[in-house]
Amino acid sequence: MHDDGRYDDPRVTGSTGDPVSRETDYPSWAPDGPPRGRSTRPPDRDAAARPDGVAPEPPAPRVTFDGPRPGNSPGGRATPIRRNASTLARFESPVPQQPIPDSVPGSTPESVPVTDTSASPAGSHGAAAAKAAYVSRETPTREEDDPPLAMEAMRAVQILNPSGEVTMPRPERTRVMCVANQKGGVGKTTTTVNLAVALALHGNRVLVVDLDPQGNASTGLNVPHHTGVPDVYDCLINSVPLEEVAQGVEGIPNLWCVPATIDLAGAEIELVSVVARESRLSRAIDAYPGQFDYVFIDCPPSLGLLTVNALVAAQEVLIPIQCEYYALEGLNQLINNINLVRQHLNPKLDVSTILLTMYDRRTRLADAVEQDVRNHFGDKVLQAVIPRNVRVSEAPSYGQSVMTYDPGSRGATSYFEAAQEIAERGVKEPVNRNA
């Protein structure tokens with residue numbers, strides 16, 4: 001049976017009564033009723049009695065039937081047809097909408113429509129208030145207004161500092177920092193290289209001493225360290241001046257590096273019979289004619305004579321800690337060795353900085369290690385945390401630090417924040433050491 005919207009279809013029942021539409025919203029409706037858009041309901045008598053004096057919302061526009069439908073009524077009777085609402089909307093003049101109140105109870109900003117103020121001058125104030133309160137979900141926030149590539153470019157410019165106008169605070173005296181941890185693979189060399197580059201790009205004079213026989217710091221700074229190149233071994237064993245060994249880093253004017261070759265692997269044995277074997281590196285740094293703001297010493301993953309030389313030459317110890325359980329196991333032994341050096345060889349030595357590296361925020365273990373380290377060392381732990389980032393691992397294969405390889409990456413941004421925090425701490429607590 002064909003359903004054309006009436007309860008009684010005269011084609012089936014043969015009824016000649018007036019059809020009743022499903023869309024009829026009150027009983028007094030009739031086909032020959034009043035014109036469209038005008039209601040025949042009596043006024044609400046209880047509106048005046050209401051406390052707010054507001055009449056109820058007018059009924060929704062009804063769908064009307066007019067005009068005969070040819071060949072569809074028995075006995076020649078004209079059957080009303082139903083027009084589509086969209087068709088009527090094209091031929092009828094728009095009806096002014098009621099102003100939207102400032103707050104509609106039980107509604108959300110998405111459910112409140114925004115009216116056209118030009119069609120209802122009397123309700124312009126309410127419509128303007130509704131427009132001001134309406135916020136689309138598609139509207140980007142201030143942080144999301146710029147695309148990701150633009151944000152990455154801004155970070156890259158901030159880190160590379162091509163103009164040289166932005167500078168980090170410079171300490172009053174030279175800060176000699178030893179990057180030590182007998183646990184291997186915690187990020188000592190990566191931390192040394194990236195912190196040195198970040199400080200050098202922002203106006204500080206930095207010297208990196210590669211004291212690891214593997215020579216990874218020399219590789220990360222693209223400094224030649226093959227056999228036959230003057231290196232730190234000549235300074236420790238043959239008393240060669242440090243300025244004759246130091247090499248400038250290409251592309252970074254304020255950065256120098258003392259490389260390490262495979263010859264340094266035998267220095268542990270040769271230093272046993274040398275007089276004042278623990279202070280050989282300290283004398284070489286003190287005899288350097290130039291003045292540096294920072295001297296970073298990259299230590300090997302051991303507690304031998306090379307690490308002891310670095311602890312004696314330094315004033316501060318920077319300990320990178322991997323956010324895993326094994327990195328915490330040997331930390332107690334390292335602190336005990338630092339205390340022994342402080343008591344007998346270098347009273348100025350202090351553990352000044354703890355840096356959390358290889359942080360994986362997806363694991364509970366990383367968060368637990370971070371909380372344990374912060375509870376034990378307190379303010380010595382930097383607020384900047386180095387996350388796991390593939391760009392940090394890729395950079396040495398190109399002979400670069402992550403600061404120059406991909407300055408917009410998360411790894412570069414984290415190391416930049418760590419360097420800035422170290423520089424600010426050095427200004428608040430000046431180091432009393434002669435250059």
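The values are calculated or read from the model by the stated rules, or taken from the named source; none is laboratory data. Quick caveat: nothing in here was measured; it's all calculated off a predicted structure. Here the Cβ positions follow ideal geometry from the backbone for every residue, glycine too, while neighbour counts run over all protein chains shown. What goes into the accessible areas is simple: the full protein's heavy atoms, side chains included, and nothing from ligands, DNA or RNA. Shrake-Rupley method; radii C 1.70, N 1.55, O 1.52, S 1.80 Å.
Residues of segment 255-294 that are under 14 Å from residue 241 (Cα atoms) and open to solvent by 10 Å² or more (accessible area, probe 1.4 Å): 280, 282, 283, 284, 285, 286, 287, 288, 289, 290. Residues of segment 352-370 that are under 21 Å from residue 411 (Cα atoms) and surrounded by fewer than 14 Cβ atoms within 10 Å (Cβ to Cβ): 360, 361, 362, 363, 364, 365.
Restricting the search to segment 217-249, which residues are among the small types (Gly, Ala, Ser) and open to solvent by 50 Å² or more (accessible area, probe 1.4 Å)?
As a first pass, look at segment 217-249 and keep what is among the small types (Gly, Ala, Ser): 217-218, 220, 228, 239, 246, 248.
Residues satisfying the conditions are 228, 239, 248.
Within the span defined as segment 225-240, one or more residues are under 30 Å from residue 387 (Cα atoms) and in contact with an Asp or Glu (Cβ under 8 Å, 6 or more places away or on another chain). I need the full set of residues from segment 234-271 which are within 18 Å of residue 189 (Cα to Cα) and hydroxyl-bearing (Ser, Thr, Tyr), in order please. Residue satisfying the conditions is 261 alone. Against the criterion of being among the hydrophobic types (A, V, I, L, M, F, W, C) and out of contact with any Leu (no Cβ under 7 Å at 6 or more places or on another chain), residue 217 qualifies.
Looking only at segment 143-166, residues that are in a loop (DSSP other than H, G, I, E, B), surrounded by fewer than 15 Cβ atoms within 10 Å (Cβ to Cβ) and either polar (S, T, N, Q) or at pLDDT 85 or above (or both) come to 1 in all.
Restricting segment 300-325 to residues that are in a helix (DSSP H, G or I) and within 23 Å of residue 379 (Cα to Cα), the residue that is most open to solvent (accessible area, probe 1.4 Å) is 325. All of (1) assigned to a strand (DSSP E or B); (2) farther than 26 Å from residue 423 by Cβ hold for residue 333 with one exception: (1).
Considering each of 297, 252 in turn, give the residue that is crowded, with 20+ Cβ neighbours inside 10 Å, modelled with pLDDT of 90 or more and among the β-branched types (Val, Ile, Thr). Give the steps one after another, and end with the answer.
Numbers: 252 fails: crowded, with 20+ Cβ neighbours inside 10 Å.
Answer to the check: 297.
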